[in-house]
Amino acid sequence: MKPIGPNVILEPAGLPNNMYRYLLFVLFLSAGCRDHQVSDKQVFHYNQPEGLTTLDPAFAKSQPVMWITHQLYNTLVEIQADLRIHPSLAKTWEISSDGLTYRFFLRDSVFFHDSPVFPEGKGRKLIAEDVVYSLGRILDPAVASPGAWIFRGRVDSITPFRAVDSLTVEIKMQKPFPPILGILSMQYCSIVAKEAVLRYGKDFRRNPVGTGPFVMKSWEEGQNLILHRFERYFESDSTGHRLPYLDAVKLSFLDNKATEFMEFRQGRLDFVNDIEASFKDEILSKTGNLKPEWESRIQMFKTPYLNTEYLGILYDTVNSLVAASPVRWKKVRQAMNHAIDRRKMMMYLRNSIGTPAESGFVPAGLPSFSMEKVKGYRYDPVKARQLLKEAGYTADAEVITLKTIPIYAELGAYVAKQLEDVGMKVKVETVQRATLLEEIAKSKAIFFRGSWIADYPDAENYLSVFYSKNPAPPNYTRFKNAKFDALYDKALTETNDSIRYGIYQQMDQIVMDEAPVIPLWYDMAIHLVRPGITGFQPNPLNLLELRRTKIAISY
């Protein structure tokens with residue numbers, strides 16, 4: 001293998017791909033941390049294989065952008081590991097009794113990063129007008145933020161955001177919407193400096209000015225991005241030590257996950273998100289633990305991740321595809337749910353990374369989740385066959401096509417085999433991701449693989465997938481149920497969390513009974529961290545949190 005520059009390796013011509021990966025894996029086993037530079041500065045290195053398109057939080061739609069904007073900016077409130085709303089730029093807040101007015105009281109100790117956009121290049125204090133400008137920018141058609149949906153139809157259409165005084169902000173709602181606090185924690189709602197947006201225009205994407213724990217030092221697109229510690233960051237730890245602990249963060253952009261993992265094993269990266277599929281069986285046991293030979297070489301963190309992996313079934317009986325298919329019968333959809341052995345699937349296809357989805361569509365980790373109150377489906381092939389018989393399913397029934405993308409072809413084959421074992425006829429068709437998204441959005445896929453990742457930690461985000469007034473997205477199955485819709489509307493007017501959670505559970509049970517989806521597993525984020533890294537904090541939203549991270553050992 002011939003090195004090309006510091007980070008790229010050419011695959012030898014003619015060498016089979018699996019042999020190439022094996023040779024890389026042998027290198028991983030023998031590699032140590034000797035190549036990591038010894039330094040008195042704490043520099044955290046990580047790789048972003050998907051690349052990075054912008055540093056503007058108004059476009060924080062993808063995980064790479066969310067992760068980096070989380071380092072550069074703050075929001076009014078934030079979600080921590082306990083999935084509760086915590087203060088951030090706002091130290092406290094009040095909600096009116098009718099649920100229509102939210103008043104936030106800002107900290108008086110927050111500064112923007114130093115930047116040429118300010119007089120003498122010195123960052124000024126954050127004020128309420130900055131919040132009004134930043135949130136209003138999301139709704140501005142000229143900005144065309146993909147996050148406009150978070151406020152559209154929810155906040156007041158005339159004066160949604162108002163500065164009461166220099167440190168008080170008011171948000172007016174069209175109607176009560178209790179999840180709004182969670183929405184305000186999203187990276188879309190990061191507070192930016194108006195001066196920077198006006199000066200840089202479209203080039204603000206690479207000239208960020210925020211209040212976050214790190215400030216951008218340099219960005220060579222496609223090569224690396226360097227952040228430095230913001231010395232005037234407002235947060236401190238319990239001893240009064242100003243955060244963050246790290247001096248810098250450095251990103252690389254290697255697009256090959258195998259090469260990324262080799263860099264990690266050689267000590268040139270401090271963190272890897274997830275395990276490259278080709279090495280999963282080498283590193284993890286079937287029970288999801290590190291194999292003994294890796295225990296001293298890697299720290300592994302696993303945490304519930306608010307993502308439900310599922311199979312969707314088109315529910316719209318008016319659609320000609322459904323009208324001619326056996327999936328139009330509820331008992332067939334229920335049989336399909338009972339036919340899949342989720343526990344076996346998790347062990348052999350996922351190395352036990354995740355939890356079998358045997359409750360509802362709402363994933364484990366959310367406060368309203370309840371295995372006792374929402375009954376899903378467990379593997380029961382006998383019951384599946386009985387339901388098919390009761391539905392009138394016969395051997396001459398139309399073949400059901402499961403559509404998925406290539407990386408889930410093995411999962412598709414597993415599901416098809418399980419359904420065939422109970423007497424159903426299923427074939428798997430793999431298509432490119434863009435094609436699949438287009439087909440399910442246009443109701444051209446009758447049976448498809450999908451996933452739903454939380455935008456904010458409230459079950460409403462998942463249940464909105466089945467609200468009949470919603471288009472696709474998010475209602476890809478075209479589910480329609482009058483009782484469900486009535487409960488959904490009721491939930492959004494209920495300010496008592498306990499009562500609202502009970503309504504959510506009723507809604508989730510309706511979805512399970514009607515079976516427009518087959519939940520497969522509730523996901524788990526898996527992070528590999530280099531020995532010597534402390535204070536790394538995984539979280540259910542899978543945000544990269546580095547404020548309290550330390551590098552305890554230099555290699």
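The values are calculated or read from the model by the stated rules, or taken from the named source; none is laboratory data. The shown structure was predicted, so the numbers you read here are calculated from the model rather than taken from an experiment. Here the Cβ is made from the backbone with ideal geometry for all residues, glycine too, and neighbour counts use every protein chain on show.
Here's the yes/no breakdown for (1) of a type in the set (A, V, I, L, M, F, W, C); (2) not assigned by TED's automatic domain parsing to the domain that holds VAL415:
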position: SER238; (1), (2): no, yes
position: PHE261; (1), (2): yes, yes
position: PHE279; (1), (2): yes, yes
position: TYR310; (1), (2): no, no
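Of all residues in the stretch 119-168, those being in contact (Cβ under 8 Å) with a residue 24 or more places away in the chain, of a type in the set (Val, Ile, Thr) and either more than 19 Å from ASP455 (Cα to Cα) or not assigned by TED's automatic domain parsing to the domain that holds TRP93 (or both) number 6. Looking only at the stretch 477-495, filter to residues that are among the charged types (D, E, K, R) and not in a helix (DSSP H, G or I); which one of those is farthest from GLY99 (Cα to Cα)? By that ranking, first place goes to ARG478.
Candidates ILE171, ILE226, ILE180, ILE191: the one that is aliphatic (A, V, I, L, M) and without any contact (Cβ under 8 Å) to a residue 60 or more places away in the chain is ILE226. Please verify whether ILE446 is over 24 Å from the mean Cα position of the chain (by Cα) and either outside the structural domain of THR401 (by TED's automatic domain parsing) or of a type in the set (Val, Ile, Thr) (or both), treating the condition exactly as stated. Yes: the conditions hold for ILE446.
Quick one: count up the residues across the stretch 312-355 that are out of contact with any Asp or Glu (no Cβ under 8 Å at 6 or more places or on another chain), farther than 30 Å from ASN289 by Cα and among the aliphatic types (A, V, I, L, M). Total meeting the criteria: 9. Being assigned to a strand (DSSP E or B), closer than 27 Å to ASP341 by Cα and either at pLDDT 95 or above or touching a Cys at 6+ places or on another chain (Cβ under 8 Å) (or both) is a condition met by at least one residue of the stretch 502-518. The residues on offer are MET371, MET347, and the sole one that is surrounded by fewer than 18 Cβ atoms within 10 Å (Cβ to Cβ), over 24 Å from LEU284 (Cα atoms) and within 26 Å of the chain's Cα centre (by Cα) is MET371. Selection of the stretch 536-550 for residues being modelled with pLDDT of 95 or more and either closer than 27 Å to PRO176 by Cβ or over 18 Å from the mean Cα position of the chain (by Cα) (or both) yields ARG547, ARG548, THR549, LYS550.
Based on what the data block shows, is ASP255 under 24 Å from the mean Cα position of the chain (by Cα), closer than 26 Å to LEU541 by Cα and outside the structural domain of TRP67 (by TED's automatic domain parsing)? Yes; evaluated as a whole, the condition is true for this residue. I'd like to check something: does the stretch 401-423 contain any residue that is in the same structural domain as MET507 (by TED's automatic domain parsing), over 28 Å from ARG378 (Cβ atoms), touching an Asp or Glu at 6+ places or on another chain (Cβ under 8 Å) and crowded, with 17+ Cβ neighbours inside 10 Å? No, the stretch 401-423 contains no residue that is in the same structural domain as MET507 (by TED's automatic domain parsing), over 28 Å from ARG378 (Cβ atoms), touching an Asp or Glu at 6+ places or on another chain (Cβ under 8 Å) and crowded, with 17+ Cβ neighbours inside 10 Å.
Assessment of the stretch 324-338 against the conditions (free of Cβ contacts under 8 Å to residues at least 40 places away in the same chain and of a type in the set (S, T, N, Q)) yields no matching residue. Looking only at residues in the stretch 249-285 that are assigned to a helix (DSSP H, G or I) and of a type in the set (Ser, Thr, Tyr), which one is modelled with the lowest pLDDT? Per the criteria, the residue is SER278.
Would the stretch 461-476 turn up any residue that is assigned to a helix (DSSP H, G or I), outside the structural domain of GLY153 (by TED's automatic domain parsing) and free of Cβ contacts under 8 Å to residues at least 12 places away in the same chain? There is no residue in the stretch 461-476 that is assigned to a helix (DSSP H, G or I), outside the structural domain of GLY153 (by TED's automatic domain parsing) and free of Cβ contacts under 8 Å to residues at least 12 places away in the same chain.
Per the conditions (1) among the hydroxyl-bearing types (Ser, Thr, Tyr); (2) in a helix (DSSP H, G or I); (3) in contact with a helix residue (DSSP H, G or I) (Cβ under 8 Å, 6 or more places away or on another chain), the sole criterion not satisfied by SER498 is (3).
When the stretch 424-442 is filtered for residues that are crowded, with 19+ Cβ neighbours inside 10 Å and over 18 Å from ILE340 (Cβ atoms), the ones remaining, listed by number, are LEU436, ILE440.
Counting residues in the stretch 384-394 that are modelled with pLDDT of 95 or more, of a type in the set (S, T, N, Q) and surrounded by 18 or more Cβ atoms within 10 Å (Cβ to Cβ) gives zero. Output yes when any residue across the stretch 225-237 is farther than 23 Å from ARG548 by Cα and in contact with a Leu (Cβ under 7 Å, 6 or more places away or on another chain), and no when none is. Taking every residue of the stretch 225-237 in turn, none turns out to be farther than 23 Å from ARG548 by Cα and in contact with a Leu (Cβ under 7 Å, 6 or more places away or on another chain).
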